[in-house]
Protein chains: 2
Amino acid sequence: MTLENSRYKVHFLPGDVSVEIEKGKTVLDASYKGDLFINALCGGDGTCGKCKVILNTGKVDSLPTTHISEAEAKQGYVLACRTKVMGDLEVLIPEESKLDKSQILISDYPQFSGSLAAATSGLEQFEKKPLVRKIYLELSPPSLDDCMADYERLCQGVMVHANVPWEVLATNLTVLKRLPTLLRDAHWKVTATLGYRGSSVEIMEVQAGDVSAQNFGIAVDVGTTTVVAHLLNLSNAETIDVEATYNSQIKYGDDYIQRIIYAVQNNAMEIMQEVLVEDINHLISTLVKRNKLSIHDIGAVVCAGNTVMTHFLFGLDPTNIRREPYLPSASFVPPIKADDVGIKINGNGLLYTLPCVGAYVGGDISSGVLAIRLDKVDAVSLLIDIGTNGEIVLGNKDWMVCCSASAGPAFEGSGISCGMRAAKGAIEKVTITKNFDVVCKTIGNTPPSGICGSGLLDCLANLVRSGVIDRTGNFQKGIDTERFRKTDDGYEFILVDKNETATKKDIVITQADIQNLIRSKAAIYSAISTLIESMGMGVNDIEQVYLAGGFGNYLDIRSAITIGMLPDISVSKVQFVGNTSVIGAKMSLFYKDAYEVAQTIASKMTYFDLMSNNKYMEEYMSANFLPHTDIEKFPSVAEELMVP
Amino acid sequence: MTLENSRYKVHFLPGDVSVEIEKGKTVLDASYKGDLFINALCGGDGTCGKCKVILNTGKVDSLPTTHISEAEAKQGYVLACRTKVMGDLEVLIPEESKLDKSQILISDYPQFSGSLAAATSGLEQFEKKPLVRKIYLELSPPSLDDCMADYERLCQGVMVHANVPWEVLATNLTVLKRLPTLLRDAHWKVTATLGYRGSSVEIMEVQAGDVSAQNFGIAVDVGTTTVVAHLLNLSNAETIDVEATYNSQIKYGDDYIQRIIYAVQNNAMEIMQEVLVEDINHLISTLVKRNKLSIHDIGAVVCAGNTVMTHFLFGLDPTNIRREPYLPSASFVPPIKADDVGIKINGNGLLYTLPCVGAYVGGDISSGVLAIRLDKVDAVSLLIDIGTNGEIVLGNKDWMVCCSASAGPAFEGSGISCGMRAAKGAIEKVTITKNFDVVCKTIGNTPPSGICGSGLLDCLANLVRSGVIDRTGNFQKGIDTERFRKTDDGYEFILVDKNETATKKDIVITQADIQNLIRSKAAIYSAISTLIESMGMGVNDIEQVYLAGGFGNYLDIRSAITIGMLPDISVSKVQFVGNTSVIGAKMSLFYKDAYEVAQTIASKMTYFDLMSNNKYMEEYMSANFLPHTDIEKFPSVAEELMVP
């Protein structure tokens, strides 16, 4: 307990944002208060070193850190998360530490009718019946010979026109209270909104006349890092618009385990929920305004997220997700009123979520399996979704197994000295010649600010191909290039000179970065490999590989095989399927039957816990090599790298 | 619009209750404000003349009325409903004008195991499964080999122990949020409360340990005049306690048509709902306190009421009930949270209502049919429920028809000079000898204050038997008794001399009273008769008659036949079944299947609208006689009255 009540002003540049904050809070806290997104991948733990800011004036209390070099310290650099406010401050947020919402890439998420069509062509189609439907009814007016009550008359109309059995029809008091006047004012011609609620169908609303075309829904991919929302016209199954934002929970931790710890320690389940719901509401209201719609016409939201995000969305206790034996509070929450969690759509609108399989395989994966209709194919297929975590599903229409690999956040750019998220200015492709010339391609073709996941992976493959590093990941002795140098922290390889970067600092990859990336790829590879072996299969039995997640879109598949992240399979078997989480959510929204299939999928999938699996640990150790200690598992790479 | 803002004080005696009220409001309004129940059967229309009060001091503006005699006017009598407050007043409420809640008779409502058992003995019993159940579960704790999520683990337990299919199970966010901590604190031994919600079963609550015996419910008969609540132990199907009150809506009109008019004209649906819900809440809290229970353990309320009361309970618009073609807003409202209408039980507790058949045959009648299991008997039976309205059901297990007769409020004591409700001091039995000696029996055996329904009926039969009146209902010319006299208003017969009454006034029956009663009995008879004829049957085809409603209990059946209210059948065929409305509500609460049977009953019953039925009007005219113009329809009465 402290009695200290002093408050100080922190003035942030550029942008001239001032906030008042109590003495002793960190500069990072102050930035959150001012709604400034500072890159703090580790969530303020002091481990990622991304939240560097420059202290122009004022008194602070800064903890020592290895992330700030002496040179930087002289320029006034401090870590925002390790620096306590002890007086009025002026703080400059440098370009590389900013997290700018406008940088989220959504332009090339495949649309529903896009790349997915290829994956599912020839498969059974669902009946065109969205989760929330609007049905236009012309009821026969009552008479002395036909004195059925208003509500029952409506139900009869719904039953006949929408083919819904009487006994599952339900409604709410708002509808019942307004019904008599409405029916008569509308001369018995009305539109009924029907919401699917599992074992019942709710008449959510009744409107005068034919407004059945005014039926919209929102599909949301609730990611740990980003939240992506699609606005859909439910009357014709078209995607109207897309919007994305960072998950504002980032301020409580970059990965979801950190957020669970924060939520549990601070009893902050409600705060985690509020923050997430606010993000979703912001996306919805942006989409609605931009397309000149009414929030009233949004009758349904379908969210697909991992198990932790799904817990936060409902305000459920996630404590046991990270405690052995790793249990969710609930794997599946049946449809509820969106308003019950604070999501602002039609007052009677419904919230649906995709079912989770277990603590570490969530609704985003059920959604992904639905999106590629893995449950309908004969071919043994692999779905790999690499986001903040990596989830893998193996199977076909007859069986499905899945697991989750703790790849660590390296592919998200965290824990890598020049790592960054896939955003404008991120290096996404790297070529290194035998002469150690380096060519980098950035997202948006602007001067580079750092390297994102696909760039890091490509870089690693090219470092080994060009002989800069050996198969253990160590820099080769005696490489003759100025790009190679030793610093206080060890060896590093310069990819881009500071004169050519946006940050005016060299973009490098260090020995530590390389080992970090190898550990990450080894985690994914060994998960895939263990899953295949556990089914008594070999790599050659895999007929199709689907790469999902934002990461997948920019990945060089050959590079992923060269470093041994993916097993040695033909590149032609691999297909990018984009954000399958949002695609599955959209399918559920459009097709009630798809929403039900997702539940069957989730209940059908067998979850393998890798942490307690000895085979996995052995495989992981062997995979801490490029591509693997057993090169015979990678014949094409043996040839490429000319391993004898 | 008035700018008049003066307020005056009205002081009521006895009891010393003072209220402040605006100038121009009536003394009746003032009494409501003071929560004093003045007898105002007509609801303040000035027609019943029951709200006589004595003005001790103060200035009023009183409308002329025929209900106050000159002698009374001299003593200061005014009608509370016709008298406007124009200054500070002192008002005395005389004994006969008081409506005292403690007078409501509930002591001899038959208990569930009482007279009903006889009516239904040998009939199929329902499975012992209440609408809200508490199930004790000992769940197996999770392990790495059994990592089912908490909620799904609970569902599995419910599925196995309570035999509920997985796909109909639902729950609420409160349960889900508390579940993980609760399950672990309780070492996986919990009690789940399951609420039946039509197409789904809601896990309403989960509690630690075995509290399955703490399961209580309330069955309510929501009458137009009285509201009766039974407290039930759902774990052993026992009735614990009973409580009753007047329906506080009385202040807005004595019969439900007046209340509809009030509600519609004043847009007062919410007020009508609040008043009714407050009555129910008052009954519940009284029962809970008296039996030292917790409101938390009340998980369900089942209400049976006529269509209008059911509308008011849900706050539904009753406008079209009294407009051709006479439609309810809804005949059946599926289970909702009790809290949604403001009923205070367990926060997740459910409210169930019995289904209505039409505008004038309500849930109280479906409930009654269920109570006597008319849907299971072979014998062609008649259920007659005479309350504020009279409803009649004819049928057996194969078919059912029903109708409603506007008997008028005469049998409730309204519109009858010395009429009163069945309360302490009401004459319930009358004997008149050939010498015109009169013997009266009162409820509670106290000095009489007036005559209730059964007394009026008995009186009418004995007036004709003794020859005081002829079969047209007119006083016989030349009757030699001091009891017979002429006043300014016509002829009257003195039943009890003022020296022997509680009111110190003669208790009389007037020519107008007699005609009023004949019209009422004619309405009921012709409804019964039309219903029987409409099925191509005769009176002799009726094998069993059930008399329901508070009225039924005190009725002299032979007298009812003598005056021609009931058709001429053997008295042995007639059985009193008490308040079948509350009995059916209790059956529904105890047995989920009974609640469903009530819905089948309601949908199976065919409603006959008598108002548009010519046969009914003809029959009604012929029945305006004692017992009937066609004496051949009443052979036993012809013999009794020695009609040639």
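Checking each residue in the range B:295-314 for being among the hydroxyl-bearing types (Ser, Thr, Tyr) and touching a residue at least 60 places away in the same chain (Cβ under 8 Å) picks out only B:Thr310.
When the range A:225-241 is filtered for residues that are in contact with a strand residue (DSSP E or B) (Cβ under 8 Å, 6 or more places away or on another chain) and outside any strand (DSSP E or B), the ones remaining, listed by number, are A:Thr225, A:Leu234, A:Ser235.
Selection within the range A:476-506: residues that are crowded, with 22+ Cβ neighbours inside 10 Å and touching a helix residue (DSSP H, G or I) at 6+ places or on another chain (Cβ under 8 Å). The member of this set that is farthest from A:Gly425 (Cα to Cα) is A:Glu492. Could you go through the range B:139-154 and let me know if any residue there is surrounded by fewer than 16 Cβ atoms within 10 Å (Cβ to Cβ) and touching a residue at least 24 places away in the same chain (Cβ under 8 Å). Checked against the condition, which is being surrounded by fewer than 16 Cβ atoms within 10 Å (Cβ to Cβ) and touching a residue at least 24 places away in the same chain (Cβ under 8 Å), the range B:139-154 yields at least one hit. Identification of strands (runs of 3 or more DSSP E) wholly contained in the range A:473-512 with 2 or more residues that are over 25 Å from A:Ala623 (Cα atoms) yields A:484-487, A:490-496. Scanning the range B:221-228 turns up no residue that is more than 19 Å from B:Cys303 (Cα to Cα) and surrounded by fewer than 24 Cβ atoms within 10 Å (Cβ to Cβ). Of the residues that sit in the range B:577-615 and are touching a helix residue (DSSP H, G or I) at 6+ places or on another chain (Cβ under 7 Å) and part of a loop (DSSP other than H, G, I, E, B), which one is surrounded by the most Cβ atoms within 10 Å (Cβ to Cβ)? Among those that are touching a helix residue (DSSP H, G or I) at 6+ places or on another chain (Cβ under 7 Å) and part of a loop (DSSP other than H, G, I, E, B), it is B:Asn579.
In the set A:Lys397, A:Lys337, A:Lys344, A:Lys376, which member is within 22 Å of the chain's Cα centre (by Cα) and basic (Lys, Arg)? One residue alone meets the criteria, A:Lys344. In the set B:Val164, B:Val160, only one residue is in a loop (DSSP other than H, G, I, E, B), under 42 Å from the mean Cα position of the chain (by Cα) and assigned by TED's automatic domain parsing to the domain that holds B:Glu202; that residue is B:Val164.
Within the range B:179-215, the set of residues being over 18 Å from B:Pro165 (Cα atoms), within 14 Å of chain A (Cβ to nearest Cβ) and part of a loop (DSSP other than H, G, I, E, B) comprises B:Trp188 only.
Conditions tested, residue by residue: (1) more than 24 Å from B:Glu533 (Cβ to Cβ); (2) free of Cβ contacts under 8 Å to residues at least 40 places away in the same chain; (3) acidic (Asp, Glu); (4) within 14 Å of chain A (Cβ to nearest Cβ).
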| residue | (1), (2), (3), (4) |
| --- | --- |
| B:Leu316 | yes, no, no, yes |
| B:Arg322 | yes, no, no, yes |
| B:Ser329 | yes, yes, no, yes |
| B:Phe332 | yes, no, no, yes |
| B:Asn346 | yes, no, no, no |
| B:Gly358 | no, no, no, yes |
| B:Asp375 | no, no, yes, no |
| B:Asp385 | no, no, yes, no |
| B:Asn389 | no, no, no, no |
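Of the residues making up the range B:156-171, those that are within 25 Å of B:Ile298 (Cβ to Cβ) and more than 8 Å from every other protein chain (Cβ to nearest Cβ) are B:Gly157, B:Val158, B:His161, B:Ala162, B:Asn163, B:Val164, B:Leu169. So, in the range B:158-171, of the ones that are out of contact with any helix residue (DSSP H, G or I) (no Cβ under 6 Å at 6 or more places or on another chain) and crowded, with 19+ Cβ neighbours inside 10 Å, which residue ends up farthest from A:Asp340 (Cα to Cα)? The selected residue is B:Val158.
Candidates in the range B:353-400 are the residues that are of a type in the set (S, T, N, Q) and assigned to a strand (DSSP E or B); of these, the one that is farthest from B:Thr225 (Cα to Cα) is B:Ser381. Residues considered: B:Val341, B:Val380. Of these, the only one that is surrounded by fewer than 24 Cβ atoms within 10 Å (Cβ to Cβ), out of contact with any His (no Cβ under 9 Å at 6 or more places or on another chain) and more than 12 Å from chain A (Cβ to nearest Cβ) is B:Val380.
Based on what the data block shows, is A:Asp297 of a type in the set (D, E, K, R), closer than 23 Å to A:Pro355 by Cα and crowded, with 17+ Cβ neighbours inside 10 Å? Answer is no for this residue. Can B:Ile240 be described as more than 29 Å from B:Pro328 (Cβ to Cβ) and within 14 Å of chain A (Cβ to nearest Cβ)? No: the conditions fail for B:Ile240.
Scanning the range A:436-456 for residues being assigned to a helix (DSSP H, G or I), of a type outside the set (Ser, Thr, Tyr) and in contact with an Asp or Glu (Cβ under 7 Å, 6 or more places away or on another chain) gives a total of 3.
The values are calculated or read from the model by the stated rules, or taken from the named source; none is laboratory data. What you see is a predicted model, and the numbers here were worked out from it, not measured in a lab. For neighbour counting, all protein chains shown are included, and Cβ atoms are generated from backbone atoms with ideal geometry for every residue, glycine included.
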